[in-house]
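The values are calculated or read from the model by the stated rules, or taken from the named source; none is laboratory data. The shown structure was predicted, so the numbers you read here are calculated from the model rather than taken from an experiment. Accessible surface areas use protein heavy atoms only, side chains included; no ligands, DNA or RNA. Shrake-Rupley method; radii C 1.70, N 1.55, O 1.52, S 1.80 Å.
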Amino acid sequence: HEYYTPSNVAVALAQLLRPRIPYLPRHQSGEILALEPSAGIGRLVNAFSTPGFESLSWTALEYSQLSAALLRRARPDITVQHTSFEQWIVSTAGRLDGKLGLVLCNPPFGQRGAEAAIDPDLSYREKRAYWYFVRRTLRLLTEGGLAVFIIPYGFMSSKAAPFAKLREQVLREHHLVAA
C-alpha cells in the first residue's frame, strides 16, 4: 500500500536543487531546517544528504510504523517521527510556521480519512491528501524557503474548478519556480 519515490527521481531532484541550497534561509542555529512530511524509507532525505547538503537539519515524518522504523535505523543522524503529518502539525502547535527553509514531499495521493479531522484549522479540510500536504507545508516555509512536491500532473493542468481554486490559493502567496 506504499509507494516509495524512485531513487533516480530523488537523485535528479537533488542535483537540480543543489545550487540553490546555499541561498536558502537559515535558522538561528545556522542550519537550514528541512522537513519531509511523508518520508517513507527516506529516498528524498537520502538524496539530499550527500555532499553539498551538509547545512540541512532534517525532520522526517512517516505514518507507516515499518517505514519509520527502517528509516530511523538507516538514518540515526536525523530526527524521524512515526506520526501522521496532521498529528505532527497539532503537536508543533504553530511553533514551526514560517521557520522552515526546505520542504521535500512525495505526499500520499489518496483520500484523507479520519486524519482530515485532526488539524484544528478548518481551512485545511481538503479531502485529497496531497492538496493538504501542499497547502499545509507551504505555511511552514520561511520567506525565501523552498518546497518541492512530487504531485500529479493535474495540479497544474486541470481546468476543473476545484483545481483552479487550489492553484489560485497556492499561487496567491507563493511563487512557482519550476514544474
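General remarks:
- Fully extending the segment from Glu54 to Arg20, taken as 0.36 nm per residue of separation minus the present Cα-Cα distance, adds 10.9 nm.
- Exposure ranking of Lys165, Lys159, Lys99, Lys127 by accessible area [1.4 Å probe, largest first]: Lys159, Lys127, Lys165, Lys99
- Accessible-area rank, largest first, for Leu13, Leu35: Leu13, Leu35, with all protein chains present and a 1.4 angstrom probe.
- With only Cα atoms counted, the stretch 41-160 has Rg and Dmax values of 14.6, 44 Å.
- Each DSSP beta bridge with both residues in the chain is either parallel or antiparallel, and the antiparallel ones are about 5%.
- Rounded percent of accessible protein surface that carbon and sulfur make up, the chain, 1.4 Å probe: 55 percent
- Order of exposure, largest accessible area first, which applies to Ser64, Ser91 with probe 1.4 Å: Ser91, Ser64
- Mean accessible surface per residue for the chain, computed with a 1.4 Å probe while every protein chain stays in place, in Å²: 55 Å²
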